Amino acid sequence: FSDFGGPNYQRPVEDLAFAVARFIQKGGSFVNYYMYHGGTNFGRTAGGPFITTSYDYDAPIDEYGLIRQPKYDHLKELHKAIKLCEKALLNSDPNIVILGSYEKAHVFSSELGGCAAFLSNYNLRSNAKVTFNNMHYNLPRWSISILPDCRNVVFNTAKVGTEASRVQMLPTNVKIESWETFNEDVHSVDDESSMTVKGLLEQLNITRDTSDYLWYTTSVRISSSESFLRKGTHLTLSIQTAGHGIHVFINGQLSGTLFRIQNIGPHFETRNIGVQGPVVLHGLDEGKKDLTWQKWSYKVGLKGEADNLGSPNSILSIDWTRGSLATLKQRPLTWYKALFNAPGGDDPLALDMSGMGKGQVWINGESIGRYWTISVNGNCSGCSYVGAFRQTKCHFGCGGPTQQWYHVPRSWLKPTRNSLVVFEEIGGDASKIS
């Protein structure tokens, strides 16, 4: 899978075919591909705030239901070759013949099943020429040739005969219009808090995963002596947090934002998240003020979530503001709403969110999921099919966002007046959504 901020991964089909053929030649009988058809994790089903909605997995059939070449055809030819060996595979166990330092033959032979052979070259650097049954065969490095009659090669895992396909995103003639906005009122959070306790509480114990968001609010009283800071000094707030992200507001103004990557790992379900403390204010004349064990108020979620702004049925229940999007480009915690007509044709559709920051999207009340345009951090310098596959091996997408396109099922759309709702955490240019 892909996580926001990380690269997208590829597994070369030459290595994938090699792994499957090697399993069959050693007597394996059942192969499960993960994934054979990529998909989309809509809503909050992506497995965490840092997992992309795209579960494409570089699969032979991609997220949009389109065939990915050469992966699809190369595996199709592999399956056909294995099928030709069926009788031999089912009626005998493999007999291993050493053909060289890195080369072997796995031979399936019986009176009932006839003869089939798999010729393998495990060398990472060099091609090989081998002799088997008094015939000569050329084996590319890190490859397996399949001989359903122990004589004729019908398939080699490293020889790909289909050209690569590339999905091209084309703009539709649809305009997104009638933009309206709604801003979360940060000043009112304390008044609407559901509880106040001394100290810091764990986030999931309070939210029960009903929302990504939990407000931690406290008040700081600075004495008159402390208010006169030394010339040239600044107040700094240090926060020990295990949350996926944190936005700090001082008197309603955004003071800073921080994100930390955490997705999976041993005992992931037991890890605490949220603000754990200490929370300390630095730069006062007295040095620092520890806020950890003050009284903290808590509120789960956003007003827009409570009012179900993602749903078209909630639109009349709140005061949306019409106006220019230009003045709202970098305003945090802003909801956007617009209308659009369904594009013609039956091609798959995707929403381009590259002009935005981080947040969530709904269409006609259905949640597309979380988006985030953070740039990829990875090594996209090259990719070789040779050698055992590792997740760190074949990266792509460096320099751009991990995910730019968000799948929009046509079954969610009406012919006209479809509702698009976006919640933006950080700030972005909604006019660039297309």
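The values are calculated or read from the model by the stated rules, or taken from the named source; none is laboratory data. Because the structure is a prediction, the values reported are computed rather than measured. Ideal geometry is used to build each Cβ from the backbone, glycine not excepted, and the neighbour counts take in all protein chains shown. When the accessible area is computed, the model is the full protein with side chains, heavy atoms only, and any ligands, DNA or RNA have been set aside. Shrake-Rupley method; radii C 1.70, N 1.55, O 1.52, S 1.80 Å.
Structure values in brief
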| item | result |
| --- | --- |
| Which numbered condition V279 misses (of (1) closer than 30 Å to S375 by Cα; (2) in a strand (DSSP E or B); (3) of a type outside the set (K, R); (4) within 31 Å of the chain's Cα centre (by Cα)) | (4) |
| Odd one out for S145, checked against (1) open to solvent by less than 80 Å² (accessible area, probe 1.4 Å); (2) part of a loop (DSSP other than H, G, I, E, B) | (2) |
| Per-region count, the range 115-135, residues of a type outside the set (K, R), part of a strand (DSSP E or B) and surrounded by fewer than 17 Cβ atoms within 10 Å (Cβ to Cβ) | 2 |
| Single match in V376, V386 (criterion: in contact (Cβ under 8 Å) with a residue 60 or more places away in the chain, within 30 Å of S120 (Cβ to Cβ) and not charged (D, E, K, R)) | V386 |
| Residue within the range 154-169 that is surrounded by fewer than 13 Cβ atoms within 10 Å (Cβ to Cβ) and of a type in the set (S, T, N, Q) present | yes |
| So I363, is it open to solvent by 50 Å² or more (accessible area, probe 1.4 Å), of a type in the set (V, I, T) and under 24 Å from M169 (Cα atoms) | no |
| Helices (runs of 4 or more DSSP H) enclosed by the range 12-107 - at least 3 residues per element that are buried (at least 21 other Cβ atoms within 10 Å of the Cβ) and either not assigned by the TED database to the domain that holds S411 or not basic (K, R) (or both) | 13-25, 71-84 |
| Residue satisfying condition, being at pLDDT below 90, buried (at least 17 other Cβ atoms within 10 Å of the Cβ), of a type outside the set (S, T, N, Q) and under 20 Å from G48 (Cβ atoms), within set G378, G369, G397, G357 | G378 |
| Total residues in the range 328-354, condition over 14 Å from Q403 (Cβ atoms) and buried (at least 19 other Cβ atoms within 10 Å of the Cβ) | 10 |
